[in-house]
Amino acid sequence: MEFLKNFPEYDFVPGRYYMYSPLSNTITFDTRSIKTNRGKMGLLHEMGHAFLKHRTYKYDMELLKMEMDAWDFARHMAPQYGVEIDEKHVTQAIATYDNWLSKRATCPDCANFSLQKDRDFYGCFACGSSWEVNWRKDRRVTRKVVERFRHLEHSHL
């Protein structure tokens, strides 16, 4: 943890998870794992969010890009601090965001992967349904259909 002194612009807060808060410019770290390689990886990742000035996002793909960029930062900084990046762990971490994004974007009516129209709003190009989603990444994804498109049946002459 000696290297934290190299970053006086951030407040490091002991906790039970790893997180960067742009509002308070704080990086929370898990006191149970901070001395392990994985814990140091997590800290470098959160420092990546801070260094790259990650703030808010509107579209899920922006969040996915921020996550990948923060891991790239961790990869870049790791050799300086004797941290070995476990690529399997990184892949699993990114997969959790990919899974979250996929659940949000899957149409609750026809199960097609669909388009995000706004931060918490999706529309299906296949069946025309629209739905809202919850935005919290630490909660189960919920989808509430707000409009269903009913295909009109045409009689064939």
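The values are calculated or read from the model by the stated rules, or taken from the named source; none is laboratory data. No experiment lies behind these values; they were computed from the predicted model shown. Reconstructed Cβ throughout: ideal geometry from the backbone, glycine too, with neighbour counts over all protein chains shown. Just so you know, the surface numbers come from the protein's heavy atoms only, side chains and all, with ligands and any DNA or RNA stripped out. Shrake-Rupley method; radii C 1.70, N 1.55, O 1.52, S 1.80 Å.
Take the residues of the range 84-105 that are within 13 Å of ASP60 (Cα to Cα) and of a type in the set (Ser, Thr, Tyr): which is most open to solvent (accessible area, probe 1.4 Å)? Spell out how you get there, then give the answer.
Let us first name the residues in the range 84-105 that are within 13 Å of ASP60 (Cα to Cα), namely 94, 96-105.
From the residues that got through so far, the ones that are of a type in the set (Ser, Thr, Tyr) too are 96-97, 102.
Numbers: THR96: 84, TYR97: 55, SER102: 39 Å².
Applying the filter and picking the extreme gives THR96.
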Number of positions in the range 52-111 that are within 24 Å of PRO22 (Cα to Cα) and not aromatic (Phe, Trp, Tyr): 30
Condition met for ARG150 (of a type in the set (D, E, K, R), touching a strand residue (DSSP E or B) at 6+ places or on another chain (Cβ under 9 Å) and at pLDDT below 95): no
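Which one of these is open to solvent by 60 Å² or more (accessible area, probe 1.4 Å) and among the acidic types (Asp, Glu): GLU46, GLU67, GLU147? Outline the logic, then answer.
Working: GLU46 fails: open to solvent by 60 Å² or more (accessible area, probe 1.4 Å); GLU67 fails: open to solvent by 60 Å² or more (accessible area, probe 1.4 Å).
The conditions single out GLU147.
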ARG75 vs. criteria surrounded by 15 or more Cβ atoms within 10 Å (Cβ to Cβ), of a type in the set (Lys, Arg) and farther than 30 Å from TRP131 by Cβ: yes
The one condition in (1) more than 29 Å from GLU132 (Cα to Cα); (2) surrounded by fewer than 13 Cβ atoms within 10 Å (Cβ to Cβ); (3) of a type in the set (Lys, Arg) that LYS58 fails to fulfil: (1)
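What's the total number of residues in the range 114-146 that are among the aromatic types (Phe, Trp, Tyr) and within 15 Å of ASN99 (Cα to Cα)? Can you show your working first?
Pass one, the range 114-146, residues among the aromatic types (Phe, Trp, Tyr): 121-122, 125, 131, 135.
Filter again for within 15 Å of ASN99 (Cα to Cα), leaving 135.
Total satisfying the criteria: 1.
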Where PHE51 falls short, out of the listed (1) of a type outside the set (A, V, I, L, M); (2) under 30 Å from ARG119 (Cα atoms); (3) out of contact with any helix residue (DSSP H, G or I) (no Cβ under 9 Å at 6 or more places or on another chain): (3)
The range 1-30, residues that are open to solvent by less than 60 Å² (accessible area, probe 1.4 Å), in contact with a His (Cβ under 9 Å, 6 or more places away or on another chain) and either part of a strand (DSSP E or B) or of a type in the set (A, V, I, L, M, F, W, C) (or both): TYR20, ILE27
Complete set of residues in the range 78-119 that are charged (D, E, K, R) and not in a loop (DSSP other than H, G, I, E, B): GLU87, LYS88, ASP98, LYS103, ARG104, LYS117, ASP118
Residue check for ARG75: part of a helix (DSSP H, G or I), among the charged types (D, E, K, R) and under 25 Å from TYR10 (Cβ atoms): yes
Pairs where the first residue, in the range 8-33, is over 24 Å from THR56 (Cβ atoms) and the second is hydroxyl-bearing (Ser, Thr, Tyr) and not in a loop (DSSP other than H, G, I, E, B), C-beta under 8 Å, 6+ apart: PRO14/THR28
